[in-house]
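Trainee: This structure is in structure tokens; I'll ask about it shortly.
Throughout, read-outs are computed from the coordinates displayed, never taken from laboratory work. Every value quoted in this text rests on a predicted model; they were computed, and no experiment measured them. All Cβ positions, glycine included, derive from the backbone under ideal geometry; neighbour counts span all protein chains shown.
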Amino acid sequence: MVLEDVEVGEPGPGQARVRHHACGLNYIDVYHRSGLYPLTMPSGIGQEGAGVVEAVGPGVTQVKPGDRVAYAGGAVGAYAEVRLMAADRLVNLPDGLSFEQGAAMMLQGMTAQYLLKRTYKVQPGDTILIHAAAGGVGLIVCQWAKALGATVIGTVGSDEKAALAKAHGCDHAIVYTRENFTQRVKEITGSALLPVVYDSIGKDTFVGSLDCLRPLGLMVSFGNASGPVPPIDLSMLVSRGSLFLTRPTLVTYTAKREDLVATAKDLFDIVLSGKVKIEVLQRYALKDVVQAHRDLEARKTTGSTVLVP
């Protein structure tokens, strides 16, 4: 990755020009950079940002110059000082939220929203498992699920990350480097197992996650931090009790603008209520993005990270 000076120009029909105050760093950026999710090269990178609308093109009604906005998804290219993008992918950022919070919360927070509210509707009394509980999505899921009345089990890589997850609503933090998470889930639940597992790790945890589910449970595979899940034999779902398996993405859940706006509003409301706190735990200058990616892949980061232009 290298920084280049380019002419941004005026927005075309349906576009807005946004000057970023902060850009989000997410694991999907690693997938794009590595080629796991192929891009047409050469390409920008990054899917999340927050800033101010400088100008709008013909036909734009969703935002106007001067608006504070945030976004996640759409065309890649958020690692930038200024960019053009589709105006219908922007949402207005409430005054009570900072640009850094906006850049740190949109992708991870809206992912948490659809996981907990739509993919599987978490109910009071449910016990759930979230892998990478001290990560960006993980910390939000822990807090939000707790607010919904769930008992939260999370996996983490160290005692320090366990303490962080517990401080954000995780009831049982399993340090996977020394504990078998499947066995611990059985112990915690008295062998009752779980209605849902949220797994962003992929290859290394997939089978163990299936073993945490009770009959008719739902396996939600929403990431590949350890590598993509290899092809599976569907009889794996049969033998464990007619399990359900889904591979959701934020793009699908927010494809319609009304769904995007509703998802973002639900996220903004829970954060403004104080029940979910968005804490930016790492900041990098945009020019230091290579180091940011190295740290992210080495699992040196916790919670949310932003790049500052």
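Trainee: Just to verify a number: FRET efficiency for Asp233 and Lys186, C-beta to C-beta distance, R0 = 22 Å, to 0.05?
Mentor: 0.45
Trainee: Could you work out how much longer the chain between Thr40 and Asp171 gets when fully extended? Use 0.36 nm per residue separation minus the Cα distance between them, nm to one decimal.
Mentor: Gain in length upon complete extension: 42.9 nm.
Trainee: Each residue of region 216-233 in order: what ³J(HN,Hα) in whole Hz does its phi give by Karplus 6.51 cos²θ - 1.76 cosθ + 1.60, θ = phi - 60°, with x for Gly and Pro?
Mentor: Values per residue, Gly and Pro as x: 6, x, 10, 9, 10, 9, 10, x, 9, 4, 9, x, x, 5, x, x, 10, 8 Hz.
Trainee: Continuing with the same structure: Which residues does a label at Leu281 reach in region 168-187, if reach means a backbone N under 16 Å from a point 7 Å past the Cα toward the Cβ?
Mentor: Label zone hits: 168-177.
Trainee: For the chain, just the Cα set please: Rg and Dmax, both in angstrom.
Mentor: Cα only, the chain: 19.4, 61 Å (Rg, Dmax).
Trainee: Now a separate question. Sum up the charges of everything whose Cβ sits under 15 Å from the Cβ of Met110, counting Lys and Arg as +1 and Asp and Glu as -1, but leave Met110 out.
Mentor: It works out to a net charge of +1.
Trainee: Still on this structure, I have one more. Counting only residues 5 or more places away or on other chains, whose amide H sits under 5 Å from the amide H of Asp126 once H atoms are built in the peptide plane?
Mentor: The list, which skips near neighbours in sequence, is Thr151.
Trainee: Just to confirm my numbers, what's the Cα centroid distance between region 191-220 and region 257-309 in Å?
Mentor: 26 Å
Trainee: Once amide H atoms are placed 1.01 Å from N in the peptide plane, what residues at a sequence separation of 5 or more from Val229, or on another chain, have their amide H within under 5 Å of its amide H?
Mentor: For Val229, the qualifying residues are Lys203.
Trainee: Next question, about the same structure. So what is Rg over Rh here for region 47-205, counting just Cα atoms and using Kirkwood for Rh?
Mentor: Ratio of gyration radius to Kirkwood radius: 1.08.
Trainee: Still on this structure, please answer the following. Run the dipole for the chain about the Cα centre, Lys and Arg Cβ at +1, Asp and Glu Cβ at -1, nothing else charged, and hand back the magnitude in debye, nearest 20.
Mentor: For the chain, the charge dipole is close to 600 debye.
Trainee: Follow-up. Using 7 Å Cα-to-Cβ label points, what is the Glu258/Arg299 separation (nm, one decimal)?
Mentor: 4.3 nm
Trainee: Let me ask something else about it. Skipping prolines and chain starts, which residues have an amide H placed within reach, meaning under 5 Å, of the one on Ala173, given they are 5 or more residues away or on another chain?
Mentor: Close amide H contacts, sequence-distant or interchain: Gly154.
Trainee: Dividing the alpha-carbon radius of gyration of region 124-247 by 2.2 N^0.38 Å (N being the number of residues), what value is obtained? Write out the running numbers ahead of the final one.
Mentor: Values: Rg = 13.4 Å, N = 124, 2.2 N^0.38 = 13.7 Å.
Taking N as the residue count of region 124-247, the ratio is 0.97.
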